[in-house]
1. Please compare each pair in Lys80/Lys101; Lys37/Lys107; Lys38/Lys107; Lys33/Lys90; Lys35/Lys101; Lys37/Lys80 to a cut-off of 20 Å on the Cα-Cα distance and tell me which ones are over it.
2. Based on Cβ point charges of +1 for Lys and Arg and -1 for Asp and Glu, what charge dipole magnitude is obtained for the chain about its Cα centre, in debye rounded to the nearest 20?
3. Using DSSP to define loop residues, name the trypsin sites (Lys or Arg not before Pro) in the range 2-97 whose beta-carbon has at most 10 other beta-carbon atoms within 10 Å.
4. Relative to the longest principal axis of the chain, what angle (0 to 90°, nearest 10) does the C-alpha long axis of helix 8-17 take?
5. Run lengths n ≥ 4 of DSSP H only: what is the helix-derived mean residue ellipticity at 222 nm for the chain, with -39500 (n - 2.57) per run over all residues, to the nearest 500?
6. Between Asn43 and Lys9, what's the calculated FRET efficiency when r is the beta-carbon distance and R0 is 25 Å? Round to 0.05.
7. Spelling out what I want: for every residue of the range 24-36, take phi, set θ = phi - 60°, compute 6.51 cos²θ - 1.76 cosθ + 1.60 (Karplus), and round to whole Hz; glycine and proline get x.
8. Checking the cross-link filter: which lysines have an alpha carbon closer than 27 Å to that of Lys21, excluding same-chain neighbours under 8 positions apart?
Amino acid sequence: MFGGKPDPKKVEQIMKKLNMKVQQIPAEEVIIKMKEKKIIISNPEIMLADMMGREVYQISGDVSESVLVNEDDVRMVMDKTGQDRDTVVKKLEELDNDLAKAIMELKGK
């Protein structure tokens, strides 16, 4: 909007001047799940504003993305490697769902 990271206090003051009800929401992490990936916002600053009867959330923070793993893929890699579910899920996320590479790495090849 103005370049750089907006100051939440200034945003809150501006919104109050426009007669918008505003509150900050304390949170440790925000996760937005989409069909094939999720967006993770760490150390979020969350503002909730009431705009004409609608709740509007403004979220800023440290953003990262993670590919969601398919349960069939997880089971298949578990069967091929003998590894537990948590280990397989972490490896698939690390490798962006590259099944062949995950199997090779988990088998130690």
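Please treat every number below as a calculation from the coordinates, not as lab data. What you are looking at is a predicted structure, and each value in this text was computed from that prediction instead of being measured. FYI the Cβ positions are ideal-geometry reconstructions off the backbone, even for glycines, and counts take in every protein chain you see.
1. Violating the 20 Å limit, Cα to Cα: Lys37/Lys107; Lys38/Lys107; Lys35/Lys101; Lys37/Lys80.
2. I would put it at about 340 debye.
3. Numbers: sites: Lys9, Lys10, Lys16, Lys17, Lys21, Lys33, Lys35, Lys37, Lys38, Arg54, Arg75, Lys80, Arg85, Lys90, Lys91; in loops: Lys35.
Sparse-neighbourhood loop trypsin sites (Lys or Arg not before Pro): Lys35.
4. Relative to the chain, helix 8-17 is tipped by roughly 40 degrees.
5. Taking each H run of at least 4 residues, the total per residue is -11000 deg cm²/dmol.
6. Values: r = 17 Å, r/R0 = 0.66.
It comes to 0.90.
7. Result, rounded to whole Hz: 8, 10, x, 8, 9, 7, 10, 10, 10, 9, 10, 4, 10.
8. Cα-Cα hits under 27 Å: Lys5, Lys9, Lys10.
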